[in-house]
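Attaching a single structure in structure tokens format; questions to follow.
Here, each number is a calculation from the coordinates, and none is a lab measurement. Everything quoted here is computed from the prediction, not taken from an experiment. Every residue, glycine as well, gets a Cβ built from its backbone with ideal geometry; the counts of neighbours run over all protein chains shown.
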Amino acid sequence: MTDSPRPISVKSLEVLTIEGQGVLLSPIGRHDVRFSLHRQLSHVVITISQSALGIIAFQAETFALTGTLADGRPINVKELQRIGAQEGGLVELRPWSCPVEIGTQSSCHSNMALNFILTGLYEGDFTLSDDKWVIELCSGSEAVVNKKASQGLKIPLEGSTLKISADGKSRDEHERYAMDIMLLLSLACGTGITCHRWILYWSGDQQLELWRSRSGEEIGPGPIIEQWNLKQYLEKTLPAWHEMPEEEKKILRIVIAHLNNSGTGYLDNRLFQVAQTWEYLAKKWIPDAELSDKEKDLKASLKISCRQWRKDNPTADPQGLITDRVSKAFDWPILRRQIEGLGAQVGLNLLTLGIDIDHLKDARDSVAHSITLEGVSPSSGPHHELLARAQYGLQLLLLLRLKYSGQVVNYEDGWSCRKHINSFICS
């Protein structure tokens, strides 16, 4: 497999600029233009002199561009959106729903390989096979430098290269498979891992480089799988992932994104987000839960009382808002059992993990109604400990759902250690 280009270095955090010339197409007309292609991290902009375009710079909103860069490589962008234009200045165009394609196109599927320059992952080299797929993760010295810079600057940078190949598979199949690998790696590493730049290789030294900004680069709560163990992790989880229905995969994508989003920001918002994620999963995966017999009796008695009260006071609550709130009070016992069932489904006892469901709900409700944690008593420990336990519980839950069996990162008395995931399962 051809080596990938070196990842972006710390020194090149400035804007990369490549000059070029070509044809700009719009609904209004066609123009021969000189342009500048700019890239910084995930941000890509093409600038063209407004004087070279004339009135088209202000009348057209969308464009397409074909041309040649100064280094001789062809460039093609199927859709560009105008984001700015100043009289006598530059017109700024941004790729919209399609990537910037640099290089040679090919319809050949044999001997194809794709290299994805990952953002957010900097170590953990391995090679493994998954049916027809060959997966390789490789990191150079610059990836290590970028890891330190990322930690210092608190921004995700390019690091390791994920190499994917399978004979006879199309470009779309390669890209979808790589996105699945990135998602699983995001769960393991406890942070968003994505890609804004990838390169296709064919036999005969043909290559096509693509630039497109993707979501998924959140800085999450931290790893649950150590990077030296990523190969075993994928070997365990990929078969379960392939067997999952598409609807369940969709749920996992949403949950992993929300989990990683809870890693930074204000504590109250992070608690709100992780509590919502528990609730979302519980409703999706444990749809059947009921009130106890005593709760059912109480609800029935209150309904009778509410009907009588409305009959006696017909103008006090004409829309039934007050009495409706009485009925909704019974939603929580059901949801609580769903959340407990979520853990029990994979053998986890949430109390053993230190997750106080009621405290988590109180924190969620406080943020939802007053935007703060004011008045919420941290009965189960400081709020940040509740957050960490709720995040870790979700990570364990998802790993067990993916049938992972192996070592995980754990923390005891503030010290990191390793434990087998089965040690968290209640017999």
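By how many nm would the segment from Leu298 to Trp415 grow when fully extended, if each residue of separation counts as 0.36 nm and the alpha-carbon distance is taken off? Write down the numbers at each step before the final one.
On the way: separation 117, 0.36 × 117 = 42.12 nm, distance 4.70 nm.
Gain on extension, Leu298 to Trp415, equals 37.4 nm.
Shifting gears a bit: Students often get this wrong, so check it: of Lys250/Lys361; Lys249/Lys328; Lys249/Lys299, which have C-alpha atoms separated by over 27 Å?
On the way: Lys250/Lys361 25 Å; Lys249/Lys328 31 Å; Lys249/Lys299 37 Å.
Pairs exceeding 27 Å: Lys249/Lys328; Lys249/Lys299.
Okay, next question. GNM on the chain, C-alpha springs below 10 Å: top fluctuator among Trp228, Trp309, Trp198?
Trp309
Taking the chain as a Gaussian network, where each spring joins two C-alpha atoms under 10 Å apart, which residue of Asp125, Asp288, Asp317 fluctuates the most?
Asp317
Compute a Gaussian network model of the chain, connecting alpha carbons closer than 10 Å, and tell me which residue from Leu183, Leu394, Leu37 fluctuates the most.
Looking only at Leu183, Leu394, Leu37, the largest GNM fluctuation is found for Leu37.
So which trypsin sites (Lys or Arg not before Pro) in region 276-317 end up in coil per DSSP with only 10 or fewer other C-beta atoms within 10 Å? Let's see the in-between values first.
Numbers: sites: Lys283, Lys284, Lys294, Lys296, Lys299, Lys303, Arg307, Arg310, Lys311; in loops: none.
Sites meeting the loop and neighbour criteria: none at all.
Would you kindly derive the ³J(HN,Hα) couplings of region 250-255 from the backbone phi angles with the Karplus curve 6.51 cos²θ - 1.76 cosθ + 1.60 (θ = phi - 60°), listing them in order in whole Hz, with x for Gly and Pro?
4, 4, 4, 4, 5, 5
Then there's this: Say each of Cys98 and Arg73 gets a label point 7 Å from the Cα, pointing the same way as Cα to Cβ; how far apart are those two points in nm?
For the pair Cys98/Arg73, the computed spacing is 1.8 nm.
Please list 3J(HN,Hα) in residue order for region 164-181, calculated via the Karplus relation 6.51 cos²θ - 1.76 cosθ + 1.60 where θ = phi - 60°; whole Hz, with x for glycine and proline.
10, 8, 7, 5, x, 8, 7, 4, 4, 5, 4, 5, 5, 5, 5, 5, 5, 4
While we're looking at this one, here's another question. Between Arg253 and Arg34, take the C-beta separation as r, use R0 = 41 Å, and let me know the FRET efficiency to the nearest 0.05.
My answer for the efficiency is 0.50.
Here's a follow-up. Pairs Lys169/Lys236; Lys148/Lys419; Lys147/Lys283: which exceed 30 Å Cα-Cα?
Numbers: Lys169/Lys236 23 Å; Lys148/Lys419 27 Å; Lys147/Lys283 38 Å.
From the list (Lys169/Lys236; Lys148/Lys419; Lys147/Lys283), the Cα-Cα distance tops 30 Å for Lys147/Lys283.
What nm value, rounded to one decimal, do you get for the distance between Lys132 and Asp365 when each label is placed 7 Å out toward the C-beta?
Here the modelled spin labels are 5.4 nm apart.
Could you give the length gained by full extension between Gln59 and Leu267, i.e. 0.36 nm per residue of separation minus their alpha carbon distance, to one decimal place? Let's see the in-between values first.
Working: separation 208, 0.36 × 208 = 74.88 nm, distance 4.62 nm.
Here the answer is 70.3 nm.
Cross-link partners among lysines for Lys154, C-alpha distance below 21 Å, same-chain residues fewer than 8 apart left out?
Lys11
Continuing with this model, one more query. Taking the chain as the reference, fit the longest principal axis to its C-alpha atoms, fit the long axis of helix 230-243 to the helix C-alpha atoms, and give the angle between the two in degrees, 0 to 90, nearest 10.
70
Given 0.36 nm per residue, what is the gain on full extension from Ile322 to Thr66 after removing their alpha carbon distance, in nm? Walk me through the intermediate numbers first.
Numbers: separation 256, 0.36 × 256 = 92.16 nm, distance 6.29 nm.
Length gained, Ile322 through Thr66: 85.9 nm.
Using Cα positions and a limit of under 19 Å, work out the aspartates and glutamates in reach of Lys303, with same-chain residues fewer than 8 apart set aside.
Glu290, Asp293, Glu295, Asp312, Asp317, Asp324, Asp331
Counting other Cβ atoms within 10 Å of each Cβ, which trypsin sites (Lys or Arg not before Pro) in region 130-201 have at most 14 and sit in a DSSP loop? List each step's numbers first, then the result.
Numbers: sites: Lys132, Lys147, Lys148, Lys154, Lys163, Lys169, Arg171, Arg176, Arg197; in loops: Lys132, Lys154, Lys169.
Taking region 130-201 and a limit of 14 other Cβ atoms within 10 Å, the loop trypsin sites (Lys or Arg not before Pro) found are Lys132, Lys154.
Another one. Could you list which residues have their amide H under 5 Å from that of Ile219, counting only those 5 or more apart in sequence or on another chain, with H placed in the peptide plane?
Gly192
Note down the nm distance, to one decimal, between modelled labels 7 Å out along Cα→Cβ at His242 and at Gln206.
Placing both labels 7 Å along Cα→Cβ, they lie 2.8 nm apart.
Still on this structure: Return the FRET efficiency for the residue pair Arg310, Ala289: r is the Cβ-Cβ distance, R0 is 25 Å, and the value is rounded to the nearest 0.05. Each step should come with its number before you reach the end.
Numbers: r = 29 Å, r/R0 = 1.15.
Computed FRET efficiency for Arg310 and Ala289: 0.30.
Here's a follow-up. Could you estimate the translational diffusion coefficient of region 152-304 from the Stokes-Einstein equation, with Rh from the Kirkwood formula over C-alpha pairs, at 20 °C and 1.002 mPa s, in whole µm²/s? Let's see the in-between values first.
Details: Rh = 18.6 Å.
Taking Rh from Cα pairs, D becomes 116 µm²/s.
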